[in-house]
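The block underneath contains the structure these notes are about, expressed in structure tokens.
Values quoted throughout were computed directly from the atomic coordinates according to the rules given, and no laboratory measurement underlies them. These numbers come from a predicted model, not from an experiment.
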Amino acid sequence: MKLFYNGFLRGCCLAGMLLLVLPLALLAQGPGNQMVRITRIADALEGGNNGQFRISLYYPRAVDEDVTVQFMVSGSATDNVDYRLQSLNTPSTIVIPAGSVEQYLEVDASNDGIIEGPESVEIQLVSASSPSRAYTIDQDKAKVNIIDANAVNTTPIQIMAASNGAEPSN
């Protein structure tokens, strides 16, 4: 009985310490150490479904002031030709509003009518800040693929000759 009692006490003490340490670890990531990350939610189809990025706070508590996130855009797709980014405050800035933990960035892929295969839009986070603090960038890159609507069309192309060609007689 004494062995069971001692083992039980040791187990309870260990569990109690974990319950005490875990909240302290979460507090260490508190508002002064908040992080921002970007993730791809969906790819885009030209002239169809929009692609989507989510820019979010990595600390699941809303903040009481706007968080401004600066980013750079790269990839094989051309801005304002193959796609447009929606939900922007300025061309390379998006704001997570006060009281929220995330903001979505839509990739509106237009159908340019050119068969060119898949293209991509890559967003890299550069900085994030609010009036009272700077934020750490955790996951800094994500990529949305744009599927070419013309390349996925299943309608067969039929070529018909109006007349046969002939070589010149000279």
Placed amide H near residue 59: partners under 5 Å, 5+ positions off or other chain: 35
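Stick to the Cα atoms of region 34-102, pair each with every other, and give me the Kirkwood hydrodynamic radius in Å at one decimal.
13.4
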